[in-house]
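Asker: Let me give you the structure first, and then I'll get to my questions.
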Amino acid sequence: MRLFGYSVNVFAGAAMGLLAAALAWGQPAGPKAAGEAVYKQRCAGCHEQANSRIPPRTALNQMPAGRIKRALDFGAMMTVAYPLSRDERDAVAAYLGTSAPAIAYPPGAYCADRRATVSDHPKVSWNGWSPGSTNSRYQAAEAAGLSIDQVRGLKLKWAFGFDGDVTAFSQPTVIDGQVFVGSAGGVIHALRADTGCLQWTFQANGPVRSSVVSVPNGNRHPLLFGDQTGWVYSLEAETGALLWKKKIEEHDAARLTGTPMFYNGTVFVPVASWEETRSLDPTYPCCTFRGSIVALRVRDGQQVWKSYLVPEPKRTGQTKLGTPQYGPSGVGVWASPTLDAKRGVMYIATGDNYSTPATPLSDSIAALDIKTGRVLWSKQTTPGDAYNSSCNTDKQNCPSEDGPDYDFGSSAILTHLPGGRDILLAGQKSGMVYALDPEKKGELLWQTRIATPGPGIATSVGVLWGMASDGQKVYASTASSGRAPPTDPGDTRRNVLDPKQGGGLTALRVADGGKAWYAPPIVCTQGAPSGCSPTQSAAVTAIPGMVFSGSNDGHLRGYGAEDGKILWDFDTVREFQTVNGVKAKGGSIDGPGAVVVNGMVFVNSGYSRFGGIPGNVLLAFAP
Ligand code: HEC
């Protein structure tokens, strides 16, 4: 808190200087000039710097001003905006953005009946990150309702556009014929699966990447999810009315990306952050965020327990510029926890440390007691991984470990061997896939490398957002953090995804980790937009006989589970006629993956973070 006051004062001082200077020069203090002045002083430093993690100014110019204001007030820019007065926020939002309303779907976008329905015993569903809390991302035959032949004949059934967004990154939840999906603009949408007509919307404080989970509570089915500013919400499924909301992490860099998991009236929320990136600012006292899992009562959001994964940070020194440094920190959890009800535990997969000293729970698979949150055992696969973004630039804030940044971004999968013995599968950004024994405190059963960093290849080349397993094989796609200058001269980003790096899908046998097949990456075609990359960072999805893998080139592909042959391929990089009348286009597929329910396939397209191709569309396919 003290740190925070310190930075506010520094910023506030600078802002006052700016206003005083403007007055002294007697400039015409019109709203445009005021907005431009705030932009130059407060935003341009980052947004013209063309860091692939930062949306370029051209992207800001496409956003409604209301949306930009939301990012400043509640969203990703909250900390940046602390020193800004209400007038300054309004001015810079109006200067940068469009005058379109933040969200305004036309009346024709809505269904005749605006009440959503969730039954007590849904026949088919994909509720949350995976169809079940073992996080296998495998939809069994009856619920999938798609044969291999039908997959070959999949066609676009409808497209839904996220108004004002330049990114689509939240995986839909589908329960019987009902779809719930969040958006980068922080809007939860309830839609009918067959037509894509809208029933209701709910505006959250921040962008929503987490999937929505429908959680039984008596005879109700509230919808729970987290946003990118540390808030967790419970909505009435039928109407979208807010039942409760709660901020579960006070650190201002917190973000709730992983989908909550639920069990017995309690919901478990993983907490990650973007503080790793804030280290790019040499005056930022790095780092103080602590990753955690928070257990809340479904009924009213009351905290049951909070389990931190890293000790409290202490002052460790200062940078060459005299900025204080703190540690340990980090160990965020990006992925949904995996439930093992039989053993009364959940398995979590953790990220790296941000500052020195590195600690034992970073880059680990850990088992937590469901009742107390106590860590029962952990298996650290990359010790000493303290890393932050400054390690790639001026190194002012880079910890002495200068680690490889090998987070686990994907959930562990709980499945079993043909003989019935349980096995935990985990894929890491390092390119390794691990099989652990949950009965023996995570003892290693096998490990297989699916990708290798090498000369000219980015350090992270492994599993990013998620593998899938049908019990026989585990399907792991390969990401890459490689960057290149954009090919499109109109792209103001300095770096986009490298069009030549990443990608490939590997099938390993669950029994012994041996390779069953490998489907090589598909290179971007000539003339593909900048940000095109063969990287397959998006989570993989499996159904009987088929594996779906989206790529940063914008294609969603269906691979035969037996041999890895591509049986279906749809290019989402184009404009779509949408059922809700919003101008929409597809881009990179990244983050979550395809959702298959009742003969339909749903996928979001347009993940512009990390230098991909922007887009804002939810697509629904059927044979
Ligand atoms: C310290 C660097 C930095 C500064 C200064 C900064 N931004 Fe950002 N901005 C970012 C980053 C990083 C992101 C992407 C965050 C993420 O990953 O969600 C971002 C994202 C955004 C977004 C998109 C948010 C969304 O919901 O998709 C908007 C709008 C935005 N910034 C506006 C501004 C404005 C206006 C200013 C000036 C008042 C500003 N930014 C100053 C780094 C910065």
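Asker: Looking only at residues in the stretch 47-62 that are hydrophobic (A, V, I, L, M, F, W, C) and more than 6 Å from the ligand (Cβ to nearest atom), which one is farthest from Leu256 (Cα to Cα)?
Answerer: The extreme case among them is Ala50.
Asker: If you don't mind, another one. Among the residues of the stretch 121-166, how many are surrounded by 22 or more Cβ atoms within 10 Å (Cβ to Cβ) and touching a helix residue (DSSP H, G or I) at 6+ places or on another chain (Cβ under 6 Å)?
Answerer: The number of residues fulfilling the criteria is 2.
Asker: What is the one condition in (1) away from the ligand (no atom under 16 Å from the Cβ); (2) under 30 Å from Ile54 (Cβ atoms) that Ile148 does not satisfy?
Answerer: Unmet condition: (2).
Asker: Another question about this same structure. Could you please give the count of residues in the stretch 100-136 that are farther than 18 Å from Val595 by Cα and part of a strand (DSSP E or B)?
Answerer: Within the stretch 100-136, residues that are farther than 18 Å from Val595 by Cα and part of a strand (DSSP E or B) number 1.
Asker: If I filter the stretch 518-539 for residues that are more than 28 Å from Ile54 (Cβ to Cβ), touching a strand residue (DSSP E or B) at 6+ places or on another chain (Cβ under 7 Å) and crowded, with 21+ Cβ neighbours inside 10 Å, do I get at least one hit?
Answerer: yes
Asker: I want to confirm something. Restricting to the stretch 286-301 and keeping residues that are open to solvent by 10 Å² or more (accessible area, probe 1.4 Å) and assigned to a loop (DSSP other than H, G, I, E, B), which single residue is farthest from the ligand (Cβ to nearest atom)?
Answerer: Of everything passing the filter in the stretch 286-301, Arg299 is farthest from the ligand (Cβ to nearest atom).
Asker: Kindly indicate the residue of the stretch 215-226 that is touching a residue at least 60 places away in the same chain (Cβ under 8 Å) and open to solvent by less than 10 Å² (accessible area, probe 1.4 Å) and also nearest to the ligand (Cβ to nearest atom) among those meeting that condition.
Answerer: Looking at residues that are touching a residue at least 60 places away in the same chain (Cβ under 8 Å) and open to solvent by less than 10 Å² (accessible area, probe 1.4 Å), I get Leu224.
Conditions (1) open to solvent by 10 Å² or more (accessible area, probe 1.4 Å); (2) more than 16 Å from the ligand (Cβ to nearest atom); (3) over 21 Å from Trp305 (Cα atoms), marked per residue:
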position	(1), (2), (3)
Ile175	no, yes, yes
Leu235	no, yes, yes
Thr239	yes, yes, yes
Glu250	yes, yes, no
Pro270	no, yes, no
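Asker: Out of all the residues in the stretch 540-567, which are aliphatic (A, V, I, L, M) and open to solvent by 10 Å² or more (accessible area, probe 1.4 Å)?
Answerer: Selection gives Ile566, Leu567.
Asker: It is to be established whether one or more residues within the stretch 489-512 are among the acidic types (Asp, Glu), farther than 30 Å from Thr338 by Cα and surrounded by fewer than 17 Cβ atoms within 10 Å (Cβ to Cβ).
Answerer: No, the conditions are met nowhere in the stretch 489-512.
Asker: Okay, next question. Of the residues Val433, Val375, which is more than 29 Å from Asn51 (Cβ to Cβ) and surrounded by 23 or more Cβ atoms within 10 Å (Cβ to Cβ)?
Answerer: Values: Val375 fails: surrounded by 23 or more Cβ atoms within 10 Å (Cβ to Cβ).
Of the residues listed, the single one that is more than 29 Å from Asn51 (Cβ to Cβ) and surrounded by 23 or more Cβ atoms within 10 Å (Cβ to Cβ) is Val433.
Asker: Still on this structure, I have one more. Name the single residue that is most open to solvent (accessible area, probe 1.4 Å) among those in the stretch 272-285 being of a type outside the set (A, V, I, L, M) and part of a loop (DSSP other than H, G, I, E, B).
Answerer: Out of the qualifying residues, it is Thr283.
Asker: For the stretch 92-99, state whether one or more residues are more than 30 Å from Val596 (Cβ to Cβ), within 16 Å of the ligand (Cβ to nearest atom) and exposed (fewer than 13 other Cβ atoms within 10 Å of the Cβ).
Answerer: Taking every residue of the stretch 92-99 in turn, at least one turns out to be more than 30 Å from Val596 (Cβ to Cβ), within 16 Å of the ligand (Cβ to nearest atom) and exposed (fewer than 13 other Cβ atoms within 10 Å of the Cβ).
Asker: Right, something else. Scan the stretch 302-323 for residues that are open to solvent by 40 Å² or more (accessible area, probe 1.4 Å) and under 23 Å from the mean Cα position of the chain (by Cα) and report the count.
Answerer: The total comes to 2.
Asker: Might you check whether a residue that is among the aromatic types (Phe, Trp, Tyr) and touching a strand residue (DSSP E or B) at 6+ places or on another chain (Cβ under 7 Å) occurs anywhere in the stretch 330-348?
Answerer: Filtering the stretch 330-348 down to residues among the aromatic types (Phe, Trp, Tyr) leaves 334, 347.
Now restrict to residues that are touching a strand residue (DSSP E or B) at 6+ places or on another chain (Cβ under 7 Å): 334, 347.
Yes, the stretch 330-348 contains at least one residue that is among the aromatic types (Phe, Trp, Tyr) and touching a strand residue (DSSP E or B) at 6+ places or on another chain (Cβ under 7 Å).
Asker: For the stretch 324-334, what are the residues that are assigned to a loop (DSSP other than H, G, I, E, B) and open to solvent by 10 Å² or more (accessible area, probe 1.4 Å)?
Answerer: Pro328, Trp334
Asker: Can you pull out the residues in the stretch 63-83 that are assigned to a loop (DSSP other than H, G, I, E, B) and either modelled with pLDDT under 85 or more than 10 Å from the ligand (Cβ to nearest atom) (or both)?
Answerer: Within the stretch 63-83, Phe74, Gly75, Ala76, Met77, Tyr82, Pro83 qualify.
Asker: Could you list all residues from the stretch 137-151 that are hydroxyl-bearing (Ser, Thr, Tyr) and not in a strand (DSSP E or B)?
Answerer: Ser147 - this is the single residue of the stretch 137-151 that is hydroxyl-bearing (Ser, Thr, Tyr) and not in a strand (DSSP E or B).
Asker: Looking at (1) among the hydroxyl-bearing types (Ser, Thr, Tyr); (2) within 16 Å of the ligand (Cβ to nearest atom); (3) in contact with a Lys or Arg (Cβ under 8 Å, 6 or more places away or on another chain), which is the one condition that is false for Ser183?
Answerer: (3)
Asker: Identify the residue in the stretch 32-46 that is closer than 12 Å to Leu96 by Cα and basic (Lys, Arg) and, among all such residues, is nearest to the ligand (Cβ to nearest atom).
Answerer: For the stretch 32-46, the residue satisfying everything is Lys40.
Asker: Just to verify a result, which residue in the stretch 302-311, among those that are of a type outside the set (A, V, I, L, M) and assigned to a loop (DSSP other than H, G, I, E, B), is nearest to the ligand (Cβ to nearest atom)?
Answerer: Pro311
Asker: Being open to solvent by 60 Å² or more (accessible area, probe 1.4 Å) and either modelled with pLDDT under 95 or closer than 30 Å to Asn61 by Cβ (or both) is the filter here; which residues of the stretch 100-112 pass it?
Answerer: Pro101, Pro107, Gly108, listed by residue number.
The values are calculated or read from the model by the stated rules, or taken from the named source; none is laboratory data. Because the structure is a prediction, the values reported are computed rather than measured. Neighbour counts are summed over all protein chains in view; Cβ atoms, including those assigned to glycine, are modelled from backbone coordinates with ideal geometry. Only protein heavy atoms, including side chains, enter the accessible area calculation; ligands, DNA and RNA are left aside. Shrake-Rupley method; radii C 1.70, N 1.55, O 1.52, S 1.80 Å.
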